[in-house]
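Following: one structure in structure tokens, then a few remarks.
The values are calculated or read from the model by the stated rules, or taken from the named source; none is laboratory data. None of the values given here were measured: they were computed from a predicted structure. So basically every Cβ, Gly included, is an ideal-geometry build from the backbone, and we count neighbours across all protein chains shown.
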Amino acid sequence: MTTNNSGKEDNMSTQKVLVILKPDCIQRGLSGEILAILKQSGLQVLKQELRTLEESEVLRLYEEHSQSDTFHTLVSYMLSGPCLVLLLSGHNAVRTVSCLKGRTGSGKGIRGKYAENFIRNIIHSAETELKTAREILMFFKTEEINMQKNKVIFGLSGMTECGKSTAGVYFDSHGVKRLKIVKILDLVRIEQEPGASTEVFVNEAIKTKPEWLRQAFADKLLDEMDRLGIRYCSLESMGDPEMVKYLRARFPGEFFSVYIDASLDKRLEHQMIRKGLSDIEEAKRILNPKDEFKTNFWKMPDIKVIADVVIDNNGTLQSFESQLGELLLKHEIE
């Protein structure tokens, strides 16, 4: 890994990338020729496996094309015979493979030279780093993926009116995109059960298939970060200690649980300001049911125990933002 003029490591240097030589490549005996092209560009083969893909793998691999008229033909084709699944490493490997791959019908690159059509086109690789990371985890689950910590994800947790929204706005103003967890879950819901409400869908999934929901959420989060072209984001509001643990394991060194702690009196003050109330009892009637739900359903107090950092929001706004700023500096986000 190289360093830049400031002495920091160049995160865009050595990368890993997943490449799949498709059934037509194997059937036509072209795998050796394609491998030679990849190696001549400085890419090293870390792992390789010749096998027929599972349907679930193909569906996840091409889920972005699920509404295409040719999707079912593509899936059938990818299941029609063995593929050579490769884990490669090299300088700017994601971009290198994308350039080598070329485009079908262009006359350039591997696809331009060897592809028969837009489905039987020899080779697959992701075009972006985030999709690449997801695909490597799909096919090499025990592989330690080092993306040079190129993502930072803050999971914001805390009781009602603790200051999560204020933290999200502050982070957003400093280049850390503010994302709402409910919006990500809604994208999962639209894909799985478009006719259901998000609340009903999520509550049912938590009861019946919580592990699936966590994985689907993380996959969709990667998709959304990729669509937005971002590396830094905050997730608001993070409930469920098991989700926190899953994301920490899924994105080691990249996901951080941030619990914002504020007393009941402080939160009631925030509630009165937000709603324009003058009666503290009315504020309690609004706040208490929300607190009860966050405590009993989302297990918010349990997240405080396992959080990577607890930020005190019982003082001034300036003090609160100062702590948030220190957190950004710690992760080298300026």
Selection from the range 231-256 of residues out of contact with any Leu (no Cβ under 8 Å at 6 or more places or on another chain) and small (Gly, Ala, Ser) yields 239, 249, 253
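Yes/no per residue for (1) assigned to a loop (DSSP other than H, G, I, E, B); (2) more than 28 Å from residue 59 (Cα to Cα); (3) at pLDDT 85 or above; (4) outside the structural domain of residue 243 (by TED's automatic domain parsing):
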position: 127; (1), (2), (3), (4): yes, no, yes, yes
position: 133; (1), (2), (3), (4): no, no, yes, yes
position: 145; (1), (2), (3), (4): yes, no, no, yes
position: 159; (1), (2), (3), (4): yes, yes, yes, no
position: 162; (1), (2), (3), (4): yes, yes, yes, no
So which residues in the range 174-221 are touching a strand residue (DSSP E or B) at 6+ places or on another chain (Cβ under 6 Å) and in a helix (DSSP H, G or I), if there are any at all? 181
Quickly run through the range 190-242 and pick out the residues that are β-branched (Val, Ile, Thr) and over 14 Å from residue 298 (Cα atoms). 190, 198, 200, 208, 230
If residue 12 meets every condition in (1) part of a helix (DSSP H, G or I); (2) modelled with pLDDT under 90 apart from one, which number is that one? (1)
From the option list 262, 307, single residue qualifying as touching a His at 6+ places or on another chain (Cβ under 8 Å), touching a residue at least 24 places away in the same chain (Cβ under 8 Å) and in the same structural domain as residue 163 (by TED's automatic domain parsing) is 262
Is it fair to say residue 248 is surrounded by 15 or more Cβ atoms within 10 Å (Cβ to Cβ), within 25 Å of residue 321 (Cβ to Cβ) and either basic (Lys, Arg) or without any contact (Cβ under 8 Å) to a residue 24 or more places away in the chain (or both)? no
